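The values are calculated or read from the model by the stated rules, or taken from the named source; none is laboratory data. Model, not experiment: these values are computed from the prediction. When we count neighbours, we look across all protein chains shown, and the Cβ atoms used for this are built from the backbone with ideal geometry, even at glycine. Side chains included, ligands, DNA and RNA excluded: accessible areas come from the protein's heavy atoms. Shrake-Rupley method; radii C 1.70, N 1.55, O 1.52, S 1.80 Å.
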Amino acid sequence: MSLHIEPILGRYAHIDIEGVNHRIYWEEAGEGIPLVCLHTAGSDGRQFRAVLNDPEVTAQYRVMVFDMPRHGKSSPAPGTVDEDYNLTSDAYVAQIMAFVSAMGLEKPVAMGCSIGGRIVLHLAKRHPEAFRALIGLQSAAYVPRYYDTAWLDRPDVHGGRVCGAFADGLMAPTSPKDQKDETRWHYQQGGPGVFKGDLWFYQIDGDFRSEVDKIDTSKVALHLLTGEYDYSCRPADTQALADQLGIAPVIMPNMGHFPMSENPEVFLTYLKPVLEKIRAAG
Amino acid sequence: MFTNLTRTAGPGSKVAAMAPLLDMKLMLSSDTDDVLVTIREGAVTQCTPGPHVMASYDTRLVATTEAWTEYLAAVPRPGYHDIFALLRAGSIRFEGNLLPMMQNLLYIKRLLASLRPEVTA
C-alpha cells in the first residue's frame with residue numbers, strides 16, 4: 001500500500017504587520033496566479049484543504065492560505081496573548097496586505113469566507129489596484145448581533161465546545177458528516193476569545209453598508225458565492241449586496257456557511273468556473 | 001411532538017453519552033405542547049406533557065408549532081435546520097437560565113435532532 005502524501009507545503013514566515021513582527025504560518029500548493037485564501041472567524045487555513053489539494057486548481061493557481069494571528073499555527077504577537085482581542089477592519093486589511101507584500105505576490109486573487117467574505121469588500125474599496133480579482137464566500141455588507149456573543153468566551157462555558165456547536169449549526173444538514181466534523185473540530189481548537197473577537201469585526205467594526213457604493217467593480221472584479229443554508233450571511237443578504245454592486249451572485253443549494261470545508265467536492269464545482277473566468281480575463 | 005425523547009435520547013443512547021455529567025430540566029413549548037423533559041446524567045428519563053401547575057425548569061425553548069414541525073423534518077429547509085437559525089428568524093425564544101444549555105449546546109442540538117425521522121439512503 002502506497003503512502004498518500006498531500007502536495008500541500010506548510011511553513012512559517014516572520015512578517016511585520018503594522019510594525020509588529022509576527023510568526024505567520026501558511027500553506028501553499030500549485031503554481032501560477034497567486035490565490036490567497038482567507039479563513040472564517042475562529043477557524044484556520046485547514047478550511048481550504050480541498051482547494052489546496054485539487055490538481056486542476058493548482059495547475060493554474062498558486063494557492064496560499066495563511067492562518068491569521070491567534071488562529072491555527074499563527075500565535076499572537078509576543079507579549080499580546082493576554083490582551084483583549086477585537087479584530088478591526090484596519091488590522092485585518094493590514095494582515096492581508098502584509099502577507100501579500102512579504103510574499104512578493106503581484107496582483108493575486110483573494111478569496112475569503114464569512115469574515116473573509118466581508119474583508120474582500122474592504123479590499124475592493126481600499127486596494128482595488130492590488131488584486132486581479134476578489135471572491136467573497138458567504139459575503140454580506142452587514143450581519144447584526146442576533147445572539148449574545150458573550151457566551152463564546154466565559155469561564156463557565158467551554159469555549160471550544162460552544163464555538164464548535166455554533167459552527168455545527170451553520171452547516172447544511174446535507175453536507176457530508178466527515179467534512180462537517182472536520183470543520184467543527186477546527187472551531188473546537190480555537191483559542192480563548194478568538195471567535196468572539198473576530199465577530200467584533202463581522203458584526204460591529206466591519207459594517208460595510210455605507211461603503212458599498214464606494215466599490216468600483218470596473219477596477220477589480222468581484223465574485224460572490226453563498227450557500228443557501230447559511231443563516232448568518234443569508235442568500236438574501238448576498239443578493240442585496242450583489243444588487244447594489246450590479247453583479248450576479250451564485251447561490252449554492254444544499255450548502256451552508258463553510259462551503260470550502262463542509263462540502264468541498266461540491267464547492268469546487270462552483271469555484272472552478274469562477275477561477276477559469278478570472279484566468280481568462282487576464 | 002417531544003415525548004419520544006425518552007426513546008431517542010434515553011439511557012444508553014448516543015445522545016445521552018454526549019453529556020454524562022448533565023442533570024437539567026428542559027421545557028419544550030409549542031402552540032399546543034408544554035413538555036417538561038427531565039435529563040439525568042445526559043439521558044432523558046421522563047417527558048411530562050402539560051398542562052403543568054408550578055412547573056420548575058432550567059431552560060425553556062418556545063417556538064410555534066409550525067417552526068418546530070419544520071425544524072423536526074427529516075431534512076429541514078434552510079432557515080429551519082438549527083435553533084439559532086430559528087432565533088435569527090425570530091421564531092424561537094430561549095427562556096430561563098441558559099447556562100446549562102450553553103454549556104451543552106451541541107448536546108441540546110443533537111437531543112432535539114434525535115426526534116427527526118431517519119433519512120434512508
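Which order do A:E276, A:E28 take when ranked by solvent-accessible area (1.4 Å probe, heavy atoms of all protein chains), largest first? The partial results should precede the final answer.
Values: A:E276 85, A:E28 35 Å².
Descending accessible area places them as A:E276, A:E28.
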- Debye equation applied to the C-alpha atoms of the range A:162-230, log10 I(q)/I(0) at 0.12, 0.13, 0.20 Å⁻¹: -0.50, -0.58, -0.98
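Order B:R60, A:R154, most accessible first, counting only protein heavy atoms with a 1.4 angstrom probe. Present the calculation step by step, with values, prior to reporting the outcome.
Working: B:R60 55, A:R154 80 Å².
The most accessible residue leads, giving A:R154, B:R60.
Only sites in a loop by DSSP and with at most 14 other Cβ atoms within 10 Å count here; which trypsin sites (Lys or Arg not before Pro) in the range A:113-166 make the cut?
Values: sites: A:R118, A:K125, A:R126, A:R132, A:R145, A:R161; in loops: A:R132, A:R145.
Qualifying residues, ordered by number: A:R145.
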- Message: For the range A:73-135, take the convex hull of the Cα atoms, compute a quarter of its surface area, and give me that in nm², please.
- Response: 4.9 nm²
- Message: For a Förster distance of 30 Å, can you work out the FRET efficiency between the beta-carbons of A:K177 and A:R11, rounded to the nearest 0.05?
- Response: 0.40
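Given C-alpha coordinates of the range B:1-119, what is the ratio Rg to Rh with the Kirkwood estimate of Rh?
Values: Rg = 13.1 Å, Rh = 14.2 Å.
When Rh is taken as the Kirkwood radius, the ratio is 0.93.
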- Under 30 Å Cα to Cα from B:K25, which lysines show up? Leave out anything in the same chain fewer than 8 places away. A:K177, A:K180, A:K196, B:K14, B:K109
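Please give the net charge around A:D181, taking every other residue with its beta carbon less than 13 angstrom from that of A:D181, where Lys and Arg add +1 and Asp and Glu add -1.
Working: positive: A:R46, A:K177, A:K180, A:R184, B:R110; negative: A:D168, A:D178, A:E182, A:E262.
Net charge in that neighbourhood comes out at +1.
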- Query: So how far, in whole Å, is the C-alpha centre of the range B:35-102 from the one of the range A:23-57?
  - Reply: 39 Å
- Message: For the protein assembly as shown, what are Rg and Dmax over the alpha carbons, in angstrom?
- Response: 22.1, 72
- Note on the structure: Two pseudo-spin positions, 7 Å from Cα along C-beta at A:E265 and at A:E211, lie apart in nanometres by 3.8 nm
- Message: Give the B-A buried accessible area in Å², both sides summed, 1.4 Å probe, nearest 100.
- Response: 1800 Å²
- Looking only at lysines whose Cα falls under 17 Å of A:K107's and that sit 8 or more positions away or on another chain, we get A:K125, A:K219, A:K277
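Applying 1/(1 + (r/R0)^6) with R0 = 25 Å to the Cβ-Cβ distance of B:T3 and A:Y147, what FRET efficiency is obtained, to the nearest 0.05?
Numbers: r = 28 Å, r/R0 = 1.14.
E(calc), rounded to 0.05, equals 0.30.
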- the protein assembly as shown, helix-only ellipticity at 222 nm - DSSP H runs n ≥ 4, -39,500 (n - 2.57), divided by all residues, nearest 500: -9000 deg cm²/dmol
- Message: If you roll a 1.4 angstrom probe over the protein chains with everything in place, what fraction of the accessible area of chain A belongs to carbon and sulfur, to the nearest %?
- Response: 49 percent
- Selection of trypsin sites (Lys or Arg not before Pro), the range A:176-236, meeting DSSP coil and at most 16 other Cβ within 10 Å: A:R209, A:K219
